[in-house]
Amino acid sequence: MLTAKFIEECKRRDHLCIMAEIMGVAESGESKTQIMNKANISFNQLTKYLRILTRLSLLEKTLERGKEIFTVTKKGRDFLAHHEQIMKLLSEEPQTDSIYRVKKR
């Protein structure tokens, strides 16, 4: 779901971009190490965000072969879709024929 262009737009990532990137990595289920490496965040950041995302039911934690695996939930996929729409809206060039033009003095 996350495109390279979308990730590029989040160069200096805010909290929502980091959360979206973590959920994007965890779409098919990933371990902490895989998420940390693929999302390019520190262990401390990872711990903080996983706690937030699981508490908000955006990620689900399961145990597989003794490892914690994090997978994005339906609510998390909805968040990703909305976040991507917002990022697209914010990155669009302003329309020149906008009715909200500033009047020149």
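See the values below:
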item: Any chance Thr54 is exposed (fewer than 14 other Cβ atoms within 10 Å of the Cβ) and either modelled with pLDDT of 95 or more or in a helix (DSSP H, G or I) (or both); result: no
item: Residues located in region 47-62, provided they are basic (Lys, Arg) and under 17 Å from Leu80 (Cα atoms); result: Arg55
item: Residue selected from region 57-92 under the condition outside any helix (DSSP H, G or I) and among the hydroxyl-bearing types (Ser, Thr, Tyr), by the criterion farthest from the chain's Cα centre (by Cα); result: Thr62
item: Identity of the residue in region 10-51, farther than 26 Å from Lys67 by Cβ and either surrounded by 16 or more Cβ atoms within 10 Å (Cβ to Cβ) or more than 14 Å from the chain's Cα centre (by Cα) (or both), that ends up modelled with the highest pLDDT; result: Cys17
item: The one condition in (1) modelled with pLDDT under 95; (2) at positive phi that Phe6 fails to fulfil; result: (2)
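The values are calculated or read from the model by the stated rules, or taken from the named source; none is laboratory data. Predicted model only: the values in this text are computed from it and were never measured. As a convention, Cβ positions derive from the backbone with ideal geometry for all residues, glycine included, and neighbour counts pool all protein chains shown.
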